[in-house]
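The structure appears below as structure tokens.
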């Protein structure tokens, strides 16, 4: 089971149903299960989803994984491809012993020298490949931070930049546009490093809209953003004065030859999780609707909209959302967008309503993956004399849910498909 504190939270049948629905979503996007279902070898053919790649016995096959799904993906691919793998590297926030693939543990959500050193090893591995070689890339959320090769600055300077942009409310596409142009490996540069080998990227999306260019900053995808756009964003957010960042920007590779033998396959998205959640809810007797898989906006505002949707949907309805909200941090508290979203909903949730939001990777900017709220949460809040408005003002949702106890704890899930949100009106 992915939810570690399931029994502590499942105090009512409605809570139990909600947690089982979330569990179904997390199981549906389990990295090892997904790869076992979608990757196989038959003779001289490699099948990935509905794509076929010719591989002779002498074909050199390397596996390179970047992001929070890459270690589990490495485990799965070693079991599937067995002796056909000649080597590889996975760079994740966790790791362990693999047979033929080297495992590196990096840092997230901010880069470090560890990430730079591991990235250098990946670049070395990809050097001097031949056109008949095949590199299987696993690209997943967290890759923008883990895959780190700065142009002319230290990782700490990128940390200051990213923190500043998040606090300013910049969305992931804007942030990753900048990230592409301050890196020697993002924005298609990893495909360039592997040239002239054939490459196939298996992609796990954590970006609303699933635009391949922005998932892990598109290291194997031909980039359509430009140096000028990145410069304009730095000016718009007054970055130099705001955080002191003054790193060199570079253009991403635009030559078609680097991408002619590159295949990018979108394998896992939040739609898979949302459909599994909706299916489980239907089996539990609820009327279901996936409202959107691209939810965006300020977490405080989105919370009120979700309750409004729920009121319209009527009794016995279960609504589902995927995507990423934004927290424009004005306070000095601790928390993540999922906890802040649930805290904002707590102001409006009715006696027969329940809502939860989780980060699918298991970390909502804290050790909590998210939180739930219902009338039990409200009763605990009142008993402890806690003011949700005050905690929202201070962006201190982590402390709030630490005190009331309605946080969701999963630890690293090995998956990453953005945030998953569920809201239920109890049947009567």
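Looking at segment 110-132, which of its residues are in a loop (DSSP other than H, G, I, E, B) and surrounded by 15 or more Cβ atoms within 10 Å (Cβ to Cβ)? Even if it seems obvious, please write down each step before you answer.
Filtering segment 110-132 for residues in a loop (DSSP other than H, G, I, E, B) gives 110-112, 127-132.
Matches in segment 110-132: 110, 111, 112, 129.
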Exercise. In this structure, does residue 246 turn out to be exposed (fewer than 15 other Cβ atoms within 10 Å of the Cβ), in contact with a helix residue (DSSP H, G or I) (Cβ under 8 Å, 6 or more places away or on another chain) and under 30 Å from residue 194 (Cα atoms)?
Worked result: yes
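Residues are listed down the side, and each one gets a yes or a no for (1) under 28 Å from residue 414 (Cα atoms); (2) at pLDDT 95 or above; (3) part of a helix (DSSP H, G or I):
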residue: 191; (1), (2), (3): yes, yes, yes
residue: 216; (1), (2), (3): yes, yes, yes
residue: 223; (1), (2), (3): yes, yes, no
residue: 229; (1), (2), (3): no, yes, yes
residue: 233; (1), (2), (3): no, yes, yes
residue: 245; (1), (2), (3): no, yes, no
Seminar exercise, completed: In the set 319, 386, 382, the lone residue that is surrounded by fewer than 24 Cβ atoms within 10 Å (Cβ to Cβ) and not in a helix (DSSP H, G or I) is 386
Exercise. Taking segment 8-35 as the region of interest, how many residues are closer than 28 Å to residue 379 by Cα and buried (at least 18 other Cβ atoms within 10 Å of the Cβ)?
Worked result: 10
Seminar exercise, completed: Selection from segment 186-238 of residues surrounded by fewer than 24 Cβ atoms within 10 Å (Cβ to Cβ), under 21 Å from residue 74 (Cα atoms) and touching a helix residue (DSSP H, G or I) at 6+ places or on another chain (Cβ under 9 Å) yields 197
Seminar exercise, completed: Residue count, segment 278-302, condition more than 21 Å from the chain's Cα centre (by Cα) and without any contact (Cβ under 8 Å) to a residue 60 or more places away in the chain, comes to 6
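The values are calculated or read from the model by the stated rules, or taken from the named source; none is laboratory data. Since the structure is predicted, the reported quantities are computational estimates derived from the model, not experimental observations. So basically every Cβ, Gly included, is an ideal-geometry build from the backbone, and we count neighbours across all protein chains shown.
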